[in-house]
Amino acid sequence: MMGSRVQPSAINERPAPAQVLLRGLSLLEALNRRAVGSVEELAQDSRLPKSTIVRMLNTLVLAGYVRRLPKRGGYSLAERVLGLSWGFRSEDAVVEAARPLLAAFTVEHKWPVSIATLAVDAMRIRATTLQDSPFAIDRERINRRVPLLGSALGRAYLAYCSETERESIVALLRNSQRPIDRPAGDPTYLTALVRGIRRAGYAATPPIANDPIAGLAVPVRRGSRVFACLTMRYPRRAMIEAEAVRHYLLPLQQAARAIADAADYAGADGFGGGNKATDRLMQNNRPPPKSSAAPVCAANDGNGASAVTRAR
């Protein structure tokens, strides 16, 4: 019958499942930027129709991701949204915060820089500007594992992580069958290595046969917790270590601090900013503090003036 036929326009107006999902995520993002949001505010922030906002809010309330606050005339995030970030580690947030700062470093200084995080008994390259540098040589580095004792990245991590973490890592390396990890069995060597790196303010790539590339590395950290390490790599024939230190160590240290600050602002877990979603949930469920004053703690980043000292 003609009267029962579905009109093509009605089919076209129905949003695709992927579009519905993206709208829901857009709404959660809009709500995440507000302690409490009204339908009107969320519609303005997400640029979605009010009718769509109301329908999605009802669904999210029933699912436990959003809480309705009748007395305040709005909605807030509920505890279940924390489960959406469980697989996203603080190290991942640091890497994301680092990307534009790595790009800015290479734009200004031309040399490629990379950021790496700990991967059990090695460092894993997470992001790099090799593709943007006119001086890049080894372009296949994303997700590459580099040894802890055989790389500037790994040495920087070992030197600046906590003593407890260092002992755990060294215990793993002692059981390794890789020749490059053998120095882990020499406590005197390790002590001298750590002291030398911390005194210099950076780690350098150790001499490796048939490796024409050297690197300087510094940690991205808060206190004794290291979240990642940065490295700038350059051909050994282009300049000696002392020259690289003189020209590029300070900018590299500044980039590491800027990444830590950016991750702090973004609320990476473990940084001073804490977890933004957790903070917002707590704000919605506790009375205002008696005093707005709060103690401010500052950590020495340990990347002060450097000495031209090669870690041996």
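The values are calculated or read from the model by the stated rules, or taken from the named source; none is laboratory data. Keep in mind that what you see is a predicted model, and the values were worked out from it rather than measured. Don't worry about glycine lacking a Cβ; one is built from the backbone with ideal geometry, like all the others, and counts go over all protein chains shown.
Laid out as a table, the results:
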item	result
One residue from ARG166, ARG178, ARG198 being in contact (Cβ under 8 Å) with a residue 24 or more places away in the chain, over 12 Å from ASP121 (Cα atoms) and not hydrophobic (A, V, I, L, M, F, W, C)	ARG198
Answer residue from region 33-60, given it is of a type in the set (Val, Ile, Thr) and in a helix (DSSP H, G or I) and is surrounded by the most Cβ atoms within 10 Å (Cβ to Cβ) among those	ILE53
Among (1) under 14 Å from VAL81 (Cβ atoms); (2) at pLDDT 90 or above, the one test that ILE53 misses	(1)
Region 29-44: number of residues that are without any contact (Cβ under 8 Å) to a residue 60 or more places away in the chain and either among the hydrophobic types (A, V, I, L, M, F, W, C) or within 18 Å of GLN19 (Cβ to Cβ) (or both)	6
Flag for SER114 being in the same structural domain as LEU250 (by TED's automatic domain parsing) and in contact with a strand residue (DSSP E or B) (Cβ under 6 Å, 6 or more places away or on another chain)	yes
Unique match (being in a strand (DSSP E or B) and either more than 28 Å from LEU190 (Cβ to Cβ) or in contact (Cβ under 8 Å) with a residue 12 or more places away in the chain (or both)) among ILE142, ILE125, ILE137	ILE125
Candidates ALA152, ALA203, ALA184, filtered to the one that is touching a helix residue (DSSP H, G or I) at 6+ places or on another chain (Cβ under 8 Å), under 15 Å from LEU230 (Cβ atoms), in the same structural domain as HIS247 (by TED's automatic domain parsing) and crowded, with 18+ Cβ neighbours inside 10 Å	ALA203
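Listed here are the residues, each with its yes/no results for (1) part of a helix (DSSP H, G or I); (2) touching a Ser or Thr at 6+ places or on another chain (Cβ under 9 Å).
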residue: LEU149; (1), (2): no, no
residue: ALA159; (1), (2): yes, no
residue: GLU167; (1), (2): yes, no
residue: LEU173; (1), (2): yes, no
residue: ARG182; (1), (2): yes, yes
